[in-house]
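Chemist: Mind having a look at this structure? Questions to follow.
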Amino acid sequence: MVRARVRTHLEGLGGRARSSPHYRWWVLWVSLSGLLATNLLFTVFVVALPEVARGLHTSEAATTWVVTGPMLAFGVVAPLVGKAGDLFGHRRLFLIGITAEMVAAAFSVLAPNIGTLIAARVLSGMVGASIGAASMALVMSVFDKADRVKALGFWSLVGAGGPVIGVAVGGPVIQLLGWRWMFFLQIPLLGIATVLAVAVLPARAAGRRHLVRGELDLDWAGAVSIAVCVAAFLLALTFLPGRGLSSTLVWGLFVVSATAGVAFWAAERRASEPILALRYLRNRNFVYPVTAQAFANFGYLGAFFLTPLLLEQAFGYAHDQSAVGFLSLPRPVVFSALAPFAGYLAVRIGERASAVIGTSAVVLSMGVFALAGHSSGLALVEVALVLSGIGLGLASPSLSATVANEFAPEDLGTAAASQQLMNQVGTVAGIQVMETVQQAAVRSHVPLLAAFHRAYLVGGAVALLGVAAAAMCRSTVRTVSTSPEVGAAPARSEPVTPSPIVPAETS
C-alpha cells in the first residue's frame, strides 16, 4: 500500500514536471540536487583529516590519500563514464552514480581503518565523475545552445556553493558529533536526489544511440590508455612536492603518461566508438576553452589550498582553524553569488568577452596575493580572494557552454567528461606545483612571505596562459528576429539542435 502510494506521488510529480513549459528547469534543479549532495564534503573533509588520523590511529600523511585518492580516481574514470552515458543513457548513469555514492558514504561511516576509508573515498571519486558528467549532459540536452550558458551559471553556483555549505554545516557537525556523522547525514540527501531523479529526469538525453546487443564495440584500448595517461600524470604531480623534480619516480611517471597518450591517440584513430573523437581536437572551441579552464583552475585552486597555509604560517592563525575557514569564505561565496548572473551577462557580451574578463581577474588576484604582507595586514589577502571568486565565477559558465555547443547531441556526455578531466588536471597541477614552488623557496632560505609570493606569481603566470586561450575562443552566434507583436524574439543560436523530451522510465 505504501509503495503504491509513493509510486503514485512520483508519477504525479513526474507528469507535472514533463507537462510544464519550464521542464528544462526541472531537469536542471534535479540534476543539481545530486551534484550538491555529492560535493558537499569536498572542502570540509580536508579540515577533518587530523581528527580522522587520531580516530583511526594512523598518521596524517596516510590520511592525505583520503583526499588525493578520490582526485586521482575522478581523473582516471572521467573519460570512460562520459562515453558510457552517451551510449547507455545519462539518466541511468546518474542513478547508478547516486546509488554508488550512498554505498561509499555508508562504508565511510563504518570504516574500521584507514585502508577501508581510502577505498570508500576512491569509490566516491569515481562516482563523482559519473554524476558530474551525467547530470551536466542531461542539462545540456534540454537547453538549446543559446541558453546553455545561463544553465551552467547555476551549475557553477552549486559547484562552488556546495563546499561552502559543507564548511558551514560540516564544521559544527565534526566538532560536536565527529567526522563520521558528515557521511551519515549525506545519505538522506542522496536518497532525496534519487527519488527526484526517478520522477523527473528524461529517460535519455538527446541523441542517445539506440544500440542492440552485439552492436557495441566499446573502445577499451582508448579507455585503458587514457586512464594510464591521466593516472601517471596526476601521480607524478602528487609525488612532486615531496620528491622534487630530480626524482626518478616522478620523471618515470611523466614518461609513462606521455607514452600512454601516444597510445590513446593511435587507439582513437582505429576505434568505431572512440572515447573522444579526434575531430574535436581540431575544433578551436573545444581545445581553447578546456585549455583556459585548466590554466585558470591551476591558479584558482592552487591558491585555494595555499592560502590557508599562508594564513596559518605567515599571519599567525595556526591554532585557529575556524578563523582560517571564515577568512577563506569570500572566494567561494563571491563565485557562487556571481555565477548565475554571469550566464546572463555572457548572453549580452558574448562568451569570449566574459571568459577573458574572468580569467584576467584570476591573474590579477594572483598578483594581489603576491603583494600581501604584514604591512597591508589581511586586506590584500581578502581582496585577492574576492578577485579569484569574481574571475572563475565569470569565466566558468562561458567556457563550459562554449565547449558544449561544439559537440553533437550524442556526445554531450563526452563533452562534460572532457571538461571535468581538464579541470581536474589543472586543479591537481596547481595544488602540487604551487606547493612545490613554495616549499623549494623555503628550503632555499627565502623568507616565508616571499616564498608564498613566489608560488602565487607562478600561479599567475600559468593563469595568464588561460587568458590567452580564452581570447582564442569564439562566442556563440545569436540571431534576433523581429516580431510585429512584441518587437523582438529571444536570441537563439544558429543552428539549434532540438532536444527531445522522453518520459522517465517506469521500470
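Chemist: With each pseudo-label sitting 7 Å past Cα toward Cβ, what's the Glu51-Leu449 distance in nm, one decimal?
Modeler: Each label point is offset 7 Å from its Cα along the Cβ direction, giving 3.4 nm.
Chemist: Within 10 Å of each residue's Cβ, count the other Cβ atoms and sort Trp155, Trp220 from fewest upward.
Modeler: In order of increasing Cβ crowding within 10 Å: Trp220, Trp155.
Chemist: Would you mind counting up the charge near Phe286? Only other residues with Cβ under 12 Å from its Cβ, with Lys and Arg at +1 and Asp and Glu at -1.
Modeler: On the way: positive: Arg279, Arg282, Arg284, Arg474; negative: Glu406, Asp411.
In short, +2.
Chemist: If we sort 178-188, 252-262, 115-125 on the protection proxy, mean other Cβ atoms within 10 Å, highest first, what's the order? Please list the in-between numbers first.
Modeler: Values: 178-188: 18.2, 252-262: 15.6, 115-125: 20.5.
Highest to lowest by the protection proxy: 115-125, 178-188, 252-262.
Chemist: How large is ³J(HN,Hα), in whole Hz, for each residue of region 429-443 in order, when computed from phi with the Karplus curve 6.51 cos²θ - 1.76 cosθ + 1.60 and θ = phi - 60°, using x for Gly and Pro?
Modeler: 4, x, 4, 6, 5, 5, 5, 4, 4, 5, 5, 5, 5, 5, 5
Chemist: Got a sec? How would Ser59, Ser108 order by Cβ neighbour count within 10 Å, fewest to most?
Modeler: Details: Ser59 10, Ser108 25.
In increasing order of surrounding Cβ atoms, one gets Ser59, Ser108.
Chemist: Please report Tyr288, Tyr23 as a ranked list, fewest other C-beta atoms within 10 angstrom at the top and most at the bottom.
Modeler: Ascending Cβ contact count within 10 Å gives the list Tyr23, Tyr288.
Chemist: Right, here's the next one. Quick check: from the Cα gyration tensor, does region 283-497 come out rounded (a/c under 1.5), prolate or oblate? Walk me through the numbers before you get to the answer.
Modeler: Working: a/c = 2.77, a/b = 2.02, b/c = 1.37.
Prolate is the answer for region 283-497, as a/c is 1.5 or above and a/b outweighs b/c.
Chemist: Using just the alpha carbons, could you tell me how many Å³ per residue the convex hull of region 218-272 encloses?
Modeler: On the way: hull volume 2.7 nm³, N = 55.
Taking only Cα atoms, region 218-272 has a hull volume of 49 Å³ per residue.
Chemist: Per residue of region 139-148, in order, report the coupling 6.51 cos²θ - 1.76 cosθ + 1.60 (Karplus, θ = phi - 60°) as ³J(HN,Hα) in whole Hz, putting x for Gly and Pro.
Modeler: With coefficients 6.51, -1.76 and 1.60, one gets 5, 5, 6, 9, 9, 6, 4, 5, 9, 4 Hz.
Values quoted throughout were computed directly from the atomic coordinates according to the rules given, and no laboratory measurement underlies them. The structure displayed is predicted, hence computed values, not measured ones. All Cβ positions, even for glycine, are placed from backbone atoms using ideal geometry, and neighbour counts span all protein chains on display.
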